[in-house]
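One structure below.
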Amino acid sequence: MTHPMPSLAGLLAGRRRILVTGSAGFIGGAVVRRLLRESEVLVFNLDKCGYASDLTSIEQVLAELGDRATKPKGDSRHQLLRVDLSDAEATGEAVRQADPDLVMHLAAESHVDRSIDGPGAFIASNVTGTFNLLQAVRAHGPLLGEHPLRPPLPLLRQQGRQRPPGERLAPHLRPAGGAHQLL
């Protein structure tokens, strides 16, 4: 079953403050550039700025946008937060500072050859970092309502029954009536 990709306006659905992790990387950078070019949202770019990070293309887009790159008070619509997700305290502070309506988690160590030489860094970043982000978002409070990408997620067969991906992490996203959104 295929579902059409919603427009950027549909994806944002009134959200004004977007936190994007891993946004100095290849995919995250493309997301940030699109958000800056095609919307008026405030983008919080959370990245540890490691060996694979490059902010050049984002800086070029900000320069191209000129006045559109700033909010009415003159602050930049792009806020870089240099944070390593494996640092739970710093991650929590970044989420509080961003006060996001939507979180797009794109940060990950992804170079396979480096994972062979140092798997601990991958576990710290990809597993512990994701857990820390989930905890920080959960502690911060609910984000804006349901999201158009959430309902049609495909089901996976596990242990003889259908389960949505991430079901075991779902309690971190649904505390006491909250409606968190993490993509």
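The values are calculated or read from the model by the stated rules, or taken from the named source; none is laboratory data. No experiment lies behind these values; they were computed from the predicted model shown. We place every Cβ from the backbone using ideal geometry, glycine too, and count neighbours over all the protein chains shown.
Observations, loosely collected:
- Matching residues in the stretch 18-37 - criterion: being without any contact (Cβ under 8 Å) to a residue 60 or more places away in the chain and either aliphatic (A, V, I, L, M) or crowded, with 21+ Cβ neighbours inside 10 Å (or both): ALA24, GLY29, ALA30, VAL32, LEU35, LEU36
- Count - residues of the stretch 38-72 that are of a type outside the set (Asp, Glu), under 19 Å from ASP101 (Cβ atoms) and either loosely packed, with under 14 Cβ neighbours inside 10 Å or modelled with pLDDT under 90 (or both): 2
- Residue match in the stretch 110-129 (condition: at pLDDT 70 or above, under 22 Å from ALA13 (Cα atoms) and of a type in the set (A, V, I, L, M)): no
- Flag for ARG15 being in contact with a strand residue (DSSP E or B) (Cβ under 7 Å, 6 or more places away or on another chain), in contact (Cβ under 8 Å) with a residue 60 or more places away in the chain, more than 24 Å from THR128 (Cβ to Cβ) and not small (Gly, Ala, Ser): yes
- Single match in VAL83, VAL43 (criterion: without any contact (Cβ under 8 Å) to a residue 40 or more places away in the chain, closer than 14 Å to SER125 by Cα and out of contact with any Asp or Glu (no Cβ under 7 Å at 6 or more places or on another chain)): VAL83
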